[in-house]
Amino acid sequence: MLQKMKRIQVIGPRQELSRVVDLLYNAGTVHLENASEEILPSEINLTPVKMDAAQNISDVLGKIRAIFSTLPIVADDKERQAAIQASLEKKSYDQIIGSAKVVIRELETTTRELAARKSELTLAITALDRYAKVLSIIQPVEKELPTLEGFEVTILLIQKVHAGVIDLIRKEIATITHNHFEMSSTSVDEETLATIMVFSKWHSEEVHNFIYSVNVNEVRLPKEYTGRPFFEMFALLEEQKVKKTEEIATIDNRLATFSSVWYQELVVLRKHLVDIHDEVGAYTNFGLSTYTFVIMGWIPMRHLRSTHDSLKKTFGGRVVIRELGVTGEDMKLAPCWYDNPVWVKPFEFIMKLASLPKYQEVDPSPLLAIFFPLFFGLMVGDIGYGIIILAIGLFVRKKYPEVLFARSLAGMFIISAIPAIIFGYFYGEFFGNLGENMGWLHPVHVLGITWNRAEAIIPMLILAISVGVVHVFLGLSLGIRNAIILKNRHHLAERSGMIIAISGLILALVAASGAGPQELLYGGAALMIVGLPLIIYGAGAFGAIEVMSTVGNILSYARLMAIGMASVILAIVANELAGAFGIAIIGIIVAVLLHTLNVALAMFSPSIHSIRLHLVEFFSKFYEGGGVEYRPFSRAVTGPERKDGS
């Protein structure tokens with residue numbers, strides 16, 4: 001659920017600003033606001049803090065990162081890093097930046113030049129490989145080359161998909177050279193053609209200008225290769241490749257030496273510089289008067305006491321933290337912080353598909369954690385499938401504990417597999433009707449009605465629609481709650497009228513179908529007469545149309561029955577096919593494959609449809625979103641260390 005937030009001011013002597021900022025940064029509990037913008041000049045004249053140091057730190061950090069990009073990665077030496085960290089923690093910001101500049105002076109120029117030279121050599125080797133390929137293309141006409149004195153040879157590389165351009169080039173070159181040229185094409189690889197052209201040097205400039213104008217890739221050999229026999233050219237290419245490769249190896253060794261000496265210190269320095277940059281960069285949010293500083297922001301109520309005690313212990317009465325009164329407009333800007341129980345956290349992933357709730361709205365995450373598994377279980381409803389989905393969820397959570405998406409998805413499947421197994425017991429399903437055929441279990445009967453989904457189509461449809469009524473009415477009730485808190489009379493009237501009108505419509509349908517006494521028809525009509533004016537008052541003339549839209553939302557829950565019905569029928573087909581083949585092993589393989597497909601569909605389709613029922617049918621009744629995310633002023637740490645619980 002969303003945690004209660006308090007708006008605060010921290011006020012103290014101007015000279016204590018840096019120490020207070022350090023304390024709040026380490027506490028990591030305050031979501032900052034810009035004090036100089038929030039406080040009116042008539043109350044106190046504040047100017048924002050200007051920190052040129054932020055730009056200096058940014059420059060130093062950029063250079064450290066550039067050095068990192070040139071050095072090979074080595075394994076972290078935790079012991080050495082801890083020693084370096086302990087040393088830096090004793091230093092001031094200026095001293096840490098000074099240490100970073102020492103490293104930069106030692107490494108920056110050398111590593112940059114080495115990296116540039118390595119890049120240059122790599123490109124040169126690529127070019128040499130390209131020349132070798134060009135020579136292999138020209139080699140078939142080697143015997144003719146000595147007679148080509150006064151002529152020039154050039155090669156065009158053209159993608160095969162654009163082979164049609166060769167004819168256009170041929171026509172234009174014929175015009176330029178007055179038809180005194182030779183041109184032939186050969187395949188270089190699956191995607192590229194090489195076109196060899198021989199033409200008089202008198203037309204060289206015009207030909208090359210034309211080739212450039214049509215944006216064709218032209219390959220021309222360096223001058224040092226011309227006039228040599230082909231075996232000499234190939235030998236020269238190989239010799240240069242060997243030299244450049246050896247030079248790259250030498251550069252790599254030098255960079256590896258730098259890494260062995262400096263890498264651990266660079267890792268710790270980068271982390272400290274990021275922390276300093278984040279902290280100093282926030283100084284523009286703080287306001288200064290002649291003698292005092294003011295810090296403003298929001299803090300979770302659970303952290304207010306501990307933050308207050310820390311300030312009092314460190315500064316006594318010289319720095320005070322006070323809770324501010326807030327208006328309705330202020331509350332719209334309050335940041336939102338999810339702090340849900342462990343069984344709800346996986347479903348926060350679904351909430352990321354929508355915008356954050358506004359601070360005063362209901363947090364839908366706990367409701368998702370209740371209804372998503374319920375809908376999933378209604379649709380899957382098979383003990384065997386539930387066990388497999390549970391096993392997959394446990395495996396993924398163990399295999400990828402650091403991947404948020406995988407961890408959330410695994411948690412959703414683990415929780416949702418439980419109701420799938422429970423409903424499987426009521427439906428009497430274990431891999432479809434396999435359990436029933438084996439005599440292991442049978443569908444439960446309630447009030448003389450079987451829960452066998454393959455037979456009880458109408459009862460299952462009624463159950464699905466009933467779940468829809470409950471879910472949509474819950475959404476409308478939450479909409480009423482939000483409207484009361486936000487003092488929105490139109491939304492209050494619309495949601496209230498919708499519940500009344502839909503209730504009347506349901507009563508009328510029950511009476512008309514003969515499932516209830518005819519008196520319900522009059523009660524239903526009366527409720528609709530009361531509800532419709534409220535809807536029109538709240539939503540205008542189109543509000544009456546919204547009634548039919550809400551009815552459509554409720555009917556959408558029929559998919560809970562339809563998806564489940566499709567799943568059980570596919571399972572039954574798999575079991576029937578297993579016995580339809582004369583060879584048992586073939587039947588078993590076919591059944592296993594179909595059940596595997598059905599399990600995959602059972603994980604995917606019910607999840608998608610359950611999410612849709614929440615985001616479209618349910619959320620539309622009460623949820624607006626557009627809230628502000630809680631971003632505490634703190635170090636960028638991950639996992640359980642985060643004070644915001646994320």
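The values are calculated or read from the model by the stated rules, or taken from the named source; none is laboratory data. It should be emphasised that the depicted structure is a prediction, and the values quoted were computed from it without experimental measurement. Backbone-built Cβ (ideal geometry, glycine too); neighbour counts: all protein chains shown.
List the pairs whose first member sits in segment 69-80 and is in contact (Cβ under 8 Å) with a residue 60 or more places away in the chain, whose second member is of a type in the set (Gly, Ala, Ser) and not in a helix (DSSP H, G or I), and whose Cβ atoms are under 8 Å apart, counting only residues at least 6 apart or on separate chains?
Close Cβ pairs (under 8 Å, with a partner that is of a type in the set (Gly, Ala, Ser) and not in a helix (DSSP H, G or I)) do not exist here.
Give Val510, Val472 a once-over and let me know the one that is touching a Lys or Arg at 6+ places or on another chain (Cβ under 8 Å) and either outside any helix (DSSP H, G or I) or among the aliphatic types (A, V, I, L, M) (or both). Spell out how you get there, then give the answer.
On the way: Val510 fails: touching a Lys or Arg at 6+ places or on another chain (Cβ under 8 Å).
Step by step, each of Val510, Val472 is checked, and only Val472 is touching a Lys or Arg at 6+ places or on another chain (Cβ under 8 Å) and either outside any helix (DSSP H, G or I) or among the aliphatic types (A, V, I, L, M) (or both).
Being farther than 15 Å from Gly432 by Cβ and touching a helix residue (DSSP H, G or I) at 6+ places or on another chain (Cβ under 9 Å) is true for just one of Ala584, Ala602, Ala580, Ala574. Which residue is that? Show your work before the answer.
Values: Ala602 fails: farther than 15 Å from Gly432 by Cβ; Ala580 fails: farther than 15 Å from Gly432 by Cβ; Ala574 fails: farther than 15 Å from Gly432 by Cβ.
The conditions single out Ala584.
If I filter segment 301-334 down to residues being of a type in the set (Asp, Glu) and in contact (Cβ under 8 Å) with a residue 40 or more places away in the chain, which single residue comes out as nearest to Ala483 (Cα to Cα)? Break it down stepwise before answering.
Our first condition is that a residue be of a type in the set (Asp, Glu); within segment 301-334, this holds for 309, 323, 329-330.
Next cut, in contact (Cβ under 8 Å) with a residue 40 or more places away in the chain only: 323, 330.
Values: Glu323: 27, Asp330: 17 Å.
Applying the filter and picking the extreme gives Asp330.
Report yes if Glu429 is charged (D, E, K, R), surrounded by 15 or more Cβ atoms within 10 Å (Cβ to Cβ), assigned by TED's automatic domain parsing to the domain that holds Ile350 and part of a loop (DSSP other than H, G, I, E, B), otherwise no. Let's see the steps before the verdict.
Working: charged (D, E, K, R): yes; surrounded by 15 or more Cβ atoms within 10 Å (Cβ to Cβ): yes; assigned by TED's automatic domain parsing to the domain that holds Ile350: yes; part of a loop (DSSP other than H, G, I, E, B): yes.
It is true that Glu429 is charged (D, E, K, R), surrounded by 15 or more Cβ atoms within 10 Å (Cβ to Cβ), assigned by TED's automatic domain parsing to the domain that holds Ile350 and part of a loop (DSSP other than H, G, I, E, B).
Kindly indicate the residue of segment 341-361 that is part of a loop (DSSP other than H, G, I, E, B) and buried (at least 20 other Cβ atoms within 10 Å of the Cβ) and also modelled with the highest pLDDT among those meeting that condition.
Restricting attention to segment 341-361, the residues satisfying the condition of being part of a loop (DSSP other than H, G, I, E, B) are 341-344, 352-361.
Those left that are additionally buried (at least 20 other Cβ atoms within 10 Å of the Cβ): 344, 356-359, 361.
Values: Val344: 91, Leu356: 80, Pro357: 82, Lys358: 81, Tyr359: 83, Glu361: 82.
The extreme case among them is Val344.
Conditions first: (1) of a type outside the set (A, V, I, L, M, F, W, C); (2) out of contact with any Lys or Arg (no Cβ under 9 Å at 6 or more places or on another chain); (3) closer than 28 Å to Glu361 by Cβ; (4) surrounded by 16 or more Cβ atoms within 10 Å (Cβ to Cβ). Gly524 passes all but one, so which condition is the exception?
Status for Gly524: all satisfied but (3).
Please go through segment 392-451 and give me each residue that is closer than 20 Å to Ser607 by Cβ and of a type in the set (Asp, Glu), ordered by number.
Within segment 392-451, Glu429 is the sole residue that qualifies.
State yes or no: is Leu534 over 39 Å from the mean Cα position of the chain (by Cα) and of a type outside the set (Ser, Thr, Tyr)?
The answer is yes for Leu534.
Looking at Tyr338, Tyr359, which one is in contact (Cβ under 8 Å) with a residue 24 or more places away in the chain and either outside the structural domain of Leu478 (by TED's automatic domain parsing) or among the basic types (Lys, Arg) (or both)?
Unique residue meeting the criteria: Tyr338.
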